[in-house]
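What follows is one structure encoded as structure tokens, with my remarks underneath.
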Amino acid sequence: MCTSELQGVLMNTFPGATLFGHTNGRSNGSILVVHPTLAPFVRPLTSSTRGTMGNVHECIAAATVTIPKEPTFHVFGVYVSGHDAKAREAVAASITPWLDAPAVFMGDMNHVQTQLLDSLGQRDVANWAWLRTQLSVTARAQPTLLDFFRLQKPLDTTLTRPQLAHDGTAKGSRIDYILGTVHTRAWLSSSQINVLQSQLGSDHRPVEFIKSIQPFTPPHNTINAVLRISEFSDAQLKKFHSLLDPISTLASLLPGNMASQSDEQVVEDAELIFDCLEIAARQVTGKGA
């Protein structure tokens, strides 16, 4: 599925969500999908000192997240080919400047860090030399990246890409990661990470990472108890969209312009959008309209 097709599905499924990244519709692709409630706080990744992150070999999607009451951090969706050495080198070169920033890297890395724990029934395991170095402790250096799953579950042998051998025996590996820079170490005590073993997003199991954040405007009870946009009927959703039509052009322009805005302006714009969402939802539901 190409990027434009994904955008169409996204708009129909999650109105107001934002998509970052690209896919060539065949082999390579990395997409970040931002939930509508967070979309106003997320903008394309850029830096005056590190440069603007492009979609290197269609393997990187990157964004900056500025949530009220939380330090700004960066999110990278990464796909690393197990066969294209040139693409691996390009991805490594592109994300290395961000290792000294608060950032999280997630996706299919095609890499097995520890054969004993992260591989089952496989003789030849995937290896990305650059990532092995970033995750390893040596006599001269500490890791520059934190493997959230392994740090929280030191002996867990759950695989993210389970397979069956020709004789029917199980095999596979853990090659999908949630990695944080050392600046995200404080997240460990208040975050959760799990491999969803009962689900397959493709031939891989999804990896779920939940980071706690401080409540901000709009509060969770407004989103969950008052708006309930996800529970609207088709007729209510149609009315909701029509009420928001006057600001749709403005909202669509925000993601592309956030890179040049201050964090304070991003938050202010986001809160204005949320005010509009709340007013429209109250008119649809009749709750405090």
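Identify, from the list Arg161, Arg174, Arg185, the residue that is within 24 Å of Gly82 (Cβ to Cβ), at pLDDT 90 or above and open to solvent by 60 Å² or more (accessible area, probe 1.4 Å).
The match here is Arg161.
Here is a list: Pro40, Pro15, Pro44. Which entry is at pLDDT 75 or above, out of contact with any strand residue (DSSP E or B) (no Cβ under 8 Å at 6 or more places or on another chain) and of a type outside the set (Gly, Ala, Ser)?
Just one listed residue meets the conditions, Pro40.
Does Pro143 fit the bill of being open to solvent by less than 50 Å² (accessible area, probe 1.4 Å), in a loop (DSSP other than H, G, I, E, B) and out of contact with any Phe, Trp or Tyr (no Cβ under 7 Å at 6 or more places or on another chain)?
For Pro143, the condition - open to solvent by less than 50 Å² (accessible area, probe 1.4 Å), in a loop (DSSP other than H, G, I, E, B) and out of contact with any Phe, Trp or Tyr (no Cβ under 7 Å at 6 or more places or on another chain) - is met.
Here are the criteria: (1) farther than 14 Å from Gly16 by Cα; (2) out of contact with any Phe, Trp or Tyr (no Cβ under 8 Å at 6 or more places or on another chain); (3) modelled with pLDDT under 85; (4) surrounded by 11 or more Cβ atoms within 10 Å (Cβ to Cβ). Tell me which single one Thr217 does not satisfy.
Going through (1) farther than 14 Å from Gly16 by Cα; (2) out of contact with any Phe, Trp or Tyr (no Cβ under 8 Å at 6 or more places or on another chain); (3) modelled with pLDDT under 85; (4) surrounded by 11 or more Cβ atoms within 10 Å (Cβ to Cβ) one by one, Thr217 breaks only (2).
Could you figure out which of (1) open to solvent by 30 Å² or more (accessible area, probe 1.4 Å); (2) in a loop (DSSP other than H, G, I, E, B); (3) modelled with pLDDT under 85 isn't true of Ile31?
It is condition (2) that Ile31 fails.
Taking the stated definitions as given, is Asp118 open to solvent by less than 20 Å² (accessible area, probe 1.4 Å) and either under 15 Å from Asp176 (Cα atoms) or in contact with a helix residue (DSSP H, G or I) (Cβ under 6 Å, 6 or more places away or on another chain) (or both)?
Taking the combined requirement at face value, the residue satisfies it.
Considering segment 165-179 alone, what residues qualify as being in a strand (DSSP E or B) and under 17 Å from Leu155 (Cα atoms)?
Hits for segment 165-179 are Gly172, Ser173, Asp176, Tyr177, Ile178.
Go through segment 188-204 and give me each residue that's open to solvent by 80 Å² or more (accessible area, probe 1.4 Å) and not in a helix (DSSP H, G or I).
Gln192, Gln197, Ser198, Gln199, Leu200
I want to confirm something. Restricting to segment 50-64 and keeping residues that are at negative phi and modelled with pLDDT under 75, which single residue is most open to solvent (accessible area, probe 1.4 Å)?
Thr52
What about Glu264, is it loosely packed, with under 12 Cβ neighbours inside 10 Å, at pLDDT below 80 and not hydrophobic (A, V, I, L, M, F, W, C)?
Yes; evaluated as a whole, the condition is true for this residue.
Can you confirm whether Pro102 is open to solvent by 40 Å² or more (accessible area, probe 1.4 Å), modelled with pLDDT under 90 and at negative phi?
no
Would you confirm whether or not segment 134-148 contains a residue that is out of contact with any Leu (no Cβ under 9 Å at 6 or more places or on another chain) and within 26 Å of Asn28 (Cα to Cα)?
No, there is no match, as no residue in segment 134-148 is out of contact with any Leu (no Cβ under 9 Å at 6 or more places or on another chain) and within 26 Å of Asn28 (Cα to Cα).
Any idea which of (1) touching a Gly at 6+ places or on another chain (Cβ under 8 Å); (2) within 18 Å of Thr114 (Cβ to Cβ); (3) not polar (S, T, N, Q) is the one Ile193 doesn't satisfy?
Here Ile193 meets the rest and fails (1).
The values are calculated or read from the model by the stated rules, or taken from the named source; none is laboratory data. Note that the coordinates shown come from a computational prediction; the quantities given were computed from them, not determined experimentally. We place every Cβ from the backbone using ideal geometry, glycine too, and count neighbours over all the protein chains shown. When the accessible area is computed, the model is the full protein with side chains, heavy atoms only, and any ligands, DNA or RNA have been set aside. Shrake-Rupley method; radii C 1.70, N 1.55, O 1.52, S 1.80 Å.
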